[in-house]
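Just so you know, all these numbers are worked out from the coordinates, no wet-lab data involved. All figures in this text were calculated on a predicted structure; none of them were measured in a lab. Cβ coordinates were reconstructed from backbone atoms using ideal geometry, including for glycine residues, and neighbour counts include every protein chain displayed.
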Amino acid sequence: MVDIIISEKDVQKLEELSKEKEKYFQNNLTQFFKWPINLLNPLNKNPKETEKIEYEIKYEELLRNDYSRNLGEDGLIYKREDVISKQRAVSTYLIKKIGSNLLKGKSIMNISLPINIFDFRSLLEQWVWQNGMSCIILEKTENLSTLEKLKYSTIFAMSKFYLLGAPLKPFNPILGETFQAKLNNSHYYLEQTSHHPPIMNFYAYGKNYKIYGFEEADASTYVNTLTIYYKGNFIIEYPDGTKNIVIYPTLNLSGTMMGIRKMHFKGKLVVYDIKNDLCSFINIDPSPNDSRGLISKFFKSNEKKMSFPDYFIGGIYKLSDFKLGKYDNSIIDKINVTEKIKRISKIEGHFTIDINFDDKCYWNFYETKYPDFFRDNFTLPSDSAYRLDEILFKIHDEEFCQQYKILMEEDQRNDRKLREEYKSKNSNSKKKKK
C-alpha cells in the first residue's frame with residue numbers, strides 16, 4: 001500500500017470530522033497511513049463478524065428500479081438523468097484539464113477524474129458484491145450430480161449480470177490493496193496484485209464450494225460507447241474435485257456522450273467442465289433465428305428481434321462434441337452449436353428475472369434476498385475500508401476526498417516509476433556480470 005504523510009492542517013481537519021462522523025473514523029482508521037500516535041484516539045481492535053458493512057445505495061435493486069426493459073430494444077435503458085448528466089460533464093472537465101496540462105508541460109496521464117461520478121466502493125468491494133450470490137446459489141450443490149452442479153454454476157455466473165446495475169466508477173485499488181468480507185457462511189478475499197495492467201486475485205469459499213482465480217480490468221472507450229472485457233481465469237471447485245471454468249461475455253454501454261444510455265451484453269457465456277465432458281453455452285444476445293421462446297415464435301417473420309433485451313438462450317452439451325482441442329478462454333469464439341450436436345439440457349430466461357432448464361424455473365432473482373455484508377473476523381490493514389479517500393467520500397466531503405485521491409494516485413505512479421528504475425538497474429547489472 002501507499003504511505004501518505006498528512007499535513008498538520010489536515011490532521012486538525014480530520015480530528016474535526018471524526019467528532020462529527022464517529023462511526024466512519026473510529027472503526028475505519030487506516031493503519032497503513034503514518035498517523036500521529038494520538039490522532040483520533042483509534043480503538044485499536046479488529047472488526048468483528050457482527051460489524052455490518054452498509055451502503056447508502058441499495059445496489060441489488062438498481063437493475064429493476066433504474067432501468068427499463070422494452071420489447072425489441074437492443075439494451076436495458078438507464079433512466080437516471082441526474083447520474084448521466086454528471087458523467088457527461090466529465091468530458092468537458094477532461095478537455096479543459098488536458099489543455100491546461102499541455103500548456104504547463106505536464107503529462108495528460110496525471111489527470112484525476114472528478115470524485116462526483118464515483119461509487120462508494122472500490123473495485124475489489126464491487127467484485128465481491130457482483131459475485132456475492134455464490135453464498136446462496138453454490139451452497140445448494142451438496143450431493144448433486146455433476147450435471148446439476150454445472151447448472152448451479154451457470155445460475156451463479158448469470159447472477160453477476162443481475163448485479164451489474166451500478167453505472168458508477170469504483171475507486172481503483174492501490175497495488176497491494178485487499179478486501180475481505182463475510183456473506184452468510186462464505187468468506188471472500190481479494191488483493192490487487194498488479195497496477196498496470198490492473199489485475200486482482202480472488203479466493204472465496206463456503207461449505208460446499210470454493211471460487212478462485214484472477215481478473216484483469218480492461219475497457220475500451222469510443223465516441224459514444226464503452227466496452228468492458230472480462231479477462232482472467234475464473235474457477236468454481238466443488239469438494240468432489242469437479243471444476244467448472246467460467247468465461248464471461250463483454251459488457252457494452254452505449255449513449256455515453258449523447259442519446260439514450262443503454263446497457264447490454266454481447267457474445268456468449270460459457271461454463272465448462274473438462275473432467276466430466278460438459279459445457280454450458282449461452283447466447284446472451286440471440287438473434288431471431290437463435291431464439292426459441294414464445295415471443296420469438298409469434299414474431300418469427302419480423303426482422304427486428306422481438307424479445308426483451310435481457311433474454312438469453314442456450315444449452316448444456318458434451319464438451320468433446322465441439323472438438324475444440326486446447327481449452328482456454330479462446331474457446332468462447334470456437335464453440336459452434338449446429339443441429340448435429342445433441343443438446344443435453346435447454347437453457348432459457350431473462351437475466352434480470354430468472355433462469356430455466358428444460359422449461360423448469362431453477363432460479364428467480366426477484367425472489368432472492370441479497371445477503372448482508374459483514375466484516376471478516378480479522379481484517380488486514382490494507383483493506384479497502386481503511387482508504388482515506390473512500391472514507392471521506394462516504395461522509396460526503398468531496399473536496400477533501402478529491403485532494404487525497406490525487407495524492408494517492410501520484411504516490412502510486414511514483415512507486416511504479418521506482419520499481420521500473422530498480423528493475424532496469426538490476427537488469428543492467430546482471431548483463432555486466434555476464
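Within 10 Å of each residue's Cβ, count the other Cβ atoms and sort Tyr422, Tyr205, Tyr229, Tyr386 from fewest upward.
Working: Tyr422 10, Tyr205 18, Tyr229 15, Tyr386 21.
Arranged by neighbour count, lowest to highest, Tyr422, Tyr205, Tyr229, Tyr386 become Tyr422, Tyr229, Tyr205, Tyr386.
Per-residue HN-Hα couplings for region 161-174, Karplus 6.51 cos²θ - 1.76 cosθ + 1.60 at θ = phi - 60°, whole Hz, x for Gly and Pro?
5, 5, 9, 9, x, 7, x, 10, 7, x, 5, 5, x, 6
How long is the gain from Glu139 to Asp74 if the chain were fully straight, where each residue apart is worth 0.36 nm and the alpha carbon distance is subtracted? Write down the numbers at each step before the final one.
Values: separation 65, 0.36 × 65 = 23.40 nm, distance 3.40 nm.
Going from the current span to full extension adds 20.0 nm.
By how many nm would the segment from Glu148 to Val83 lengthen if fully extended, with 0.36 nm per residue of separation less the alpha-carbon distance? It would help to have the intermediate numbers written out before the result.
Numbers: separation 65, 0.36 × 65 = 23.40 nm, distance 4.09 nm.
Length gained between Glu148 and Val83: 19.3 nm.
Using the scaling law 2.2 N^0.38 Å as the reference, what is the normalised Cα Rg of region 117-374?
Working: Rg = 18.3 Å, N = 258, 2.2 N^0.38 = 18.1 Å.
Normalised by 2.2 N^0.38 Å, the Cα Rg of region 117-374 equals 1.01.
Measure out, as a whole number of angstrom, how far apart the alpha-carbon centroids of region 412-427 and region 367-405 sit.
Their Cα centres are 29 Å away from one another.
Compute the distance in nm between two label points, each set 7 Å from the Cα along the Cα-to-Cβ direction, one at Ser91 and one at Asn224.
With each label point 7 Å from Cα toward Cβ, the separation is 0.9 nm.
Note the full-extension length gain between Ile260 and Cys361 as 0.36 nm times their separation in residues minus their Cα-Cα distance, in nm to one decimal. Kindly include the intermediate steps, with their values, before the conclusion.
Details: separation 101, 0.36 × 101 = 36.36 nm, distance 3.26 nm.
Residue separation times 0.36 nm, minus the Cα-Cα distance, leaves 33.1 nm.
Take Arg413 and Lys334, extend 7 Å from each Cα along the Cα→Cβ direction, and tell me the distance between the two endpoints in nm.
Reported label-point gap for Arg413 and Lys334 is 4.2 nm.
Give me, ordered by chain and number, the residues 5 or more places off Ser307 or on other chains with an amide H under 5 Å from its own placed amide H.
Gly72
Rank the residues Met257, Met133, Met408 as a footprinting-exposure proxy: fewest other Cβ atoms within 10 Å of their Cβ go first.
Ordered by Cβ neighbours within 10 Å, fewest first: Met257, Met408, Met133.
Around Leu278, with a cut-off of 13 angstrom between Cβ atoms, what is the net charge of the other residues, counting Lys and Arg +1 and Asp and Glu -1? Each step should come with its number before you reach the end.
Details: positive: Lys149, Lys151, Lys243, Lys275, Lys318, Lys342, Arg343; negative: Glu148, Asp273, Asp277, Asp321.
Counting the neighbours of Leu278, the net charge comes to +3.
Report the local net charge at Glu215: Lys and Arg +1, Asp and Glu -1, summed over other residues whose C-beta lies under 15 Å from its C-beta.
Around Glu215, the surrounding residues sum to -3.
Residue by residue, what Karplus-based ³J(HN,Hα) values in Hz, rounded to whole numbers, does region 133-149 have, using 6.51, -1.76 and 1.60 with θ = phi - 60° and x for Gly and Pro?
Once rounded to whole Hz, the list reads 6, 4, 5, 9, 5, 6, 6, 8, 8, 4, 6, 8, 6, 4, 5, 5, 4.
Search the structure for amide H atoms under 5 Å from the amide H of Phe373, placed 1.01 Å from N in the peptide plane, and list their residues when 5 or more places away or on another chain.
Long-range HN contacts for Phe373: Ile53.
With a point put 7 Å past each Cα toward its Cβ, work out how far Glu421 is from Lys58 in nm, to one decimal.
Between Glu421 and Lys58, the label points sit 5.2 nm apart.
Could you please rank Asp218, Asp383, placing first whichever residue has the fewest other Cβ atoms within 10 Å of its Cβ?
Details: Asp218 15, Asp383 25.
So the ranking, lowest neighbour count to highest, is Asp218, Asp383.
Determine the sum of side-chain charges near Asp66: Lys and Arg each +1, Asp and Glu each -1, restricted to other residues whose C-beta is under 15 angstrom from that of Asp66.
On the way: positive: Lys58, Arg64, Arg69, Lys79, Arg80, Lys86, Arg261, Lys262; negative: Glu56, Glu60, Glu61, Glu81, Asp82, Asp119, Asp310.
Taking every Cβ under 15 Å from that of Asp66, the sum is +1.
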